[in-house]
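Report on one structure; see the data block that follows.
The values are calculated or read from the model by the stated rules, or taken from the named source; none is laboratory data. It should be emphasised that the depicted structure is a prediction, and the values quoted were computed from it without experimental measurement. Heads up, the Cβs are rebuilt from the backbone with ideal geometry, glycines too, and the neighbour counts pull from every protein chain shown. These accessible areas exclude ligands, DNA and RNA; they are computed on the full protein's heavy atoms, side chains included. Shrake-Rupley method; radii C 1.70, N 1.55, O 1.52, S 1.80 Å.
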Amino acid sequence: MRHLLLSRLLRRASSPSQPHHNLQLIRALSSSSPLPASDTDLRKYAGYALLVLGCGAATYYSFPFPPDALHKKAVPFKYAPLPDDLHTVSNWSGTHEVHTRVLLQPDSIPALEDALATAHRERRRLRPLGSGLSPNGLGLSRAGMVNLALMDKVLDVDVKKKTVTVQAGIRVAELVDALSKHGLTLQNFASIREQQVGGIIQVGAHGTGARLPPIDEQVISMKLVTPAKGTIELSREKNPDLFYLARCGLGGLGVVAEVTLQCVERHQLVEHTFVSNADEIKKNHQNWLSENKHIKYLWIPYTDTVVIVQCNPPSRWKTPKLASKYGKDEALQHVRDLYRESLKKYRTEADSKDPAIDQLSFTELRDQLLALDPLDKDHVIRINKAEAEYWKKSEGYRMCWSDEILGFDCGGQQWVSETCFPTGTLAKPNMKDLYYMEELLQLIEKEDIPAPAPIEQRWTARSRSPMSPASSSEEDDIFSWVGIIMYLPTSDPRQRKDITEEFFNYRSLTQTSLWDDYSAYEHWAKIEVPKDKDELAQLQARLRKRFPVDAYNKARMELDPNKVLSSAKLEKFFPGMQTVQHAR
């Protein structure tokens, strides 16, 4: 409060009318008869002196110094600490943050039912949080949140049927460890393992592999706890329409409390990483999509380099040479050299000789390099070229368990926009996935966008969940997912603001140039709500064109008529439900 008052006083003191007011006061103290210029100046400066002395005396006696004040160092003003009952929750990249006094963690379905029933009765918000990792903060709500971290048990494993039933608060990494003891694992994985199972299926998360669907397709049955109707059991046999709708329900239809997942036998994969280019990809793309169980392309802007990562079960007849041609230090040397050169330019010679540089991983080096000048296109191009050299010297094979192979080091904090669009079938791919990338890379160069690497491209089969971006009624359809990024390698607020503005310009150019032509829709966890009303209306119209918004809102009205599970973001996505006045 004191800081706010001081700020207001300082703003008043600097307002245009204040000097005139002071001038009138000085004139009132002077004689009314005209004076020579020298006498006028003398009286003016004497008035200033009296005013300063008076203010100093008033300040001294109003705020006396303690006896040891001369021996204390001056410290900057510090904001008052947040109240003990106020929780701060932010997503992984620190791009979205809320403060709330309501963050519940029930440890059982009855406790969860009671929390939602109470919120329904009192018309209070209680948004399902998950792990809070979504880049757009989809699970965040200052009005109140519920987290299932205490509901993280494996309830049943059926080795014969290869299924597992879990409480939805269990994290993917913990589930995989538990399944390994029974010789099972999940069919596919997203890039990271820290998501809660309930969250990863609700947002339509995915791995890669043109024959493998998004992760929501692994759900066989689920228990959904709703504000208005309590716990509902859903499966392909029990209320199938709601089951498919709720599998990718964005936390808006109920809180997923228990899930039964279809698993597969635990298996190893051989990962083959090599460098290619757009011309070679065009020649081999159809075969690569069809022949590889998992595949992704990492495109590096402003270069002709594309990193290909293929993952397949080990061959009984052929054992690849697992040792890489180059060692880790050799692969990183070009990036380290660039970092040392850049430190000399942006900082000092001494900084460039820091031995700790040799301990940094590739993604850490990239973050450090970008932090020096993240929006200078030429600097970013040099970093991208160094990354291309790194991958050329990292070509080779490695073999490990599938859950370890399919993970991906995404780097540090970042803004990301990922789109999903249809690209034909495995038998007849329409090549739009490659046309999309060709146009995107041309757009980046035409607009001088300081686009860092990589632009990750993955594929999945279709999903039968109507709210999935990869939803399709055609069994053979395949979809491509393309993610653009800008890293946030610094904690400096001004620099992060500049990067944010540049990223949204990058995203906007991509949207206007590509999305409609390719029927591309963003990943639910990565859609940012526009501030402009016209842009918001366009987003709502696009979502309504692709997804069954009326059916989704109808289900929300039946299961959550008081919008307990909703949030400002969800209301922006799906307007149309009757407005409910919530208690503060």
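Cβ separations smaller than 6 Å between residues 6+ apart or across chains give the following pairs from segment 275-302 residues that are over 24 Å from His206 (Cα atoms) to residues that are open to solvent by 20 Å² or more (accessible area, probe 1.4 Å) and among the acidic types (Asp, Glu): Asn277/Asp304.
Looking across segment 346-369, the residues that are open to solvent by less than 50 Å² (accessible area, probe 1.4 Å) and among the hydroxyl-bearing types (Ser, Thr, Tyr) come down to Ser352, Ser361, Thr363.
Has segment 116-135 got at least one residue that is under 19 Å from Asn91 (Cβ atoms), in contact (Cβ under 8 Å) with a residue 12 or more places away in the chain and not in a loop (DSSP other than H, G, I, E, B)?
Going through segment 116-135, the residues under 19 Å from Asn91 (Cβ atoms) turn out to be 125-135.
Checking which are in contact (Cβ under 8 Å) with a residue 12 or more places away in the chain leaves us with 125-135.
Still in the running and not in a loop (DSSP other than H, G, I, E, B): 127-128.
Within segment 116-135 (the criterion being under 19 Å from Asn91 (Cβ atoms), in contact (Cβ under 8 Å) with a residue 12 or more places away in the chain and not in a loop (DSSP other than H, G, I, E, B)), the answer is yes, since at least one residue qualifies.
Scanning segment 213-232 for residues that are in contact with a strand residue (DSSP E or B) (Cβ under 6 Å, 6 or more places away or on another chain) and either over 19 Å from Leu565 (Cβ atoms) or open to solvent by 20 Å² or more (accessible area, probe 1.4 Å) (or both) yields a count of 9. Checking each residue in segment 439-477 for being within 22 Å of Leu509 (Cβ to Cβ) and free of Cβ contacts under 8 Å to residues at least 12 places away in the same chain picks out Gln442, Lys446. Checking each residue in segment 420-445 for being hydrophobic (A, V, I, L, M, F, W, C), part of a helix (DSSP H, G or I), out of contact with any Phe, Trp or Tyr (no Cβ under 7 Å at 6 or more places or on another chain) and closer than 25 Å to Pro214 by Cα picks out Leu434, Leu440.
For segment 179-230, filtering for residues that are over 21 Å from Ala470 (Cα atoms), outside any strand (DSSP E or B) and out of contact with any Lys or Arg (no Cβ under 8 Å at 6 or more places or on another chain) leaves 5.
Picking from Leu343, Leu372, which residue would you name as being of a type in the set (A, V, I, L, M), open to solvent by 20 Å² or more (accessible area, probe 1.4 Å), more than 30 Å from Val270 (Cα to Cα) and free of Cβ contacts under 8 Å to residues at least 40 places away in the same chain? Talk me through it step by step, then tell me what you get.
Details: Leu343 fails: open to solvent by 20 Å² or more (accessible area, probe 1.4 Å).
Within the list Leu343, Leu372, the selection yields Leu372.
So which of Val255, Val270 is crowded, with 23+ Cβ neighbours inside 10 Å, farther than 18 Å from Ser463 by Cβ, out of contact with any His (no Cβ under 7 Å at 6 or more places or on another chain) and in contact (Cβ under 8 Å) with a residue 24 or more places away in the chain? Please lay out each step first, then the result.
Numbers: Val270 fails: crowded, with 23+ Cβ neighbours inside 10 Å.
None of the others qualify; the one that does is Val255.
Residues are listed down the side, and each one gets a yes or a no for (1) within 28 Å of the chain's Cα centre (by Cα); (2) closer than 27 Å to Asp177 by Cα:
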position	(1), (2)
Thr260	yes, yes
Arg266	no, yes
Gln286	no, no
Ile295	yes, yes
Leu298	yes, no
Leu322	no, yes
Lys328	no, no
Arg340	no, no
Leu343	no, no
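Per-residue answers, yes or no, for (1) touching a Leu at 6+ places or on another chain (Cβ under 6 Å); (2) within 30 Å of Asp241 (Cβ to Cβ); (3) open to solvent by less than 10 Å² (accessible area, probe 1.4 Å); (4) not aliphatic (A, V, I, L, M):
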{"position": "Arg458", "(1), (2), (3), (4)": "no, yes, no, yes"}
{"position": "Arg462", "(1), (2), (3), (4)": "no, yes, no, yes"}
{"position": "Met467", "(1), (2), (3), (4)": "no, yes, yes, no"}
{"position": "Ser471", "(1), (2), (3), (4)": "no, yes, no, yes"}
{"position": "Ser480", "(1), (2), (3), (4)": "no, yes, yes, yes"}
{"position": "Ser491", "(1), (2), (3), (4)": "no, no, no, yes"}
{"position": "Glu502", "(1), (2), (3), (4)": "yes, no, no, yes"}
{"position": "Arg507", "(1), (2), (3), (4)": "no, no, no, yes"}
{"position": "Ser519", "(1), (2), (3), (4)": "no, yes, no, yes"}
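Scanning segment 136-156 for residues that are open to solvent by 40 Å² or more (accessible area, probe 1.4 Å) and part of a strand (DSSP E or B) yields Val154, Leu155, Asp156. Here Val270 passes the criteria (1) touching a Pro at 6+ places or on another chain (Cβ under 9 Å); (2) of a type outside the set (Lys, Arg); (3) assigned to a loop (DSSP other than H, G, I, E, B) except the one numbered (3).
All of Ser191, Ser235 fail the test of being open to solvent by less than 30 Å² (accessible area, probe 1.4 Å) and under 25 Å from Glu522 (Cβ atoms), apart from Ser191.
Residues of segment 318-340 that are open to solvent by less than 90 Å² (accessible area, probe 1.4 Å), assigned to a loop (DSSP other than H, G, I, E, B) and either at positive phi or free of Cβ contacts under 8 Å to residues at least 60 places away in the same chain (or both): Gly327 alone.
Within segment 482-490, can one find any residue that is under 21 Å from Gly209 (Cα atoms), of a type in the set (A, V, I, L, M) and touching a residue at least 40 places away in the same chain (Cβ under 8 Å)?
Taking segment 482-490 and keeping what is under 21 Å from Gly209 (Cα atoms), we get 482-484.
Those still in the list that are of a type in the set (A, V, I, L, M) too: 482, 484.
When the remaining residues are screened for being touching a residue at least 40 places away in the same chain (Cβ under 8 Å), the result is 482, 484.
For segment 482-490, residues under 21 Å from Gly209 (Cα atoms), of a type in the set (A, V, I, L, M) and touching a residue at least 40 places away in the same chain (Cβ under 8 Å): present.
A count restricted to segment 291-307 and to residues that are part of a strand (DSSP E or B) and open to solvent by 10 Å² or more (accessible area, probe 1.4 Å) stands at 2.
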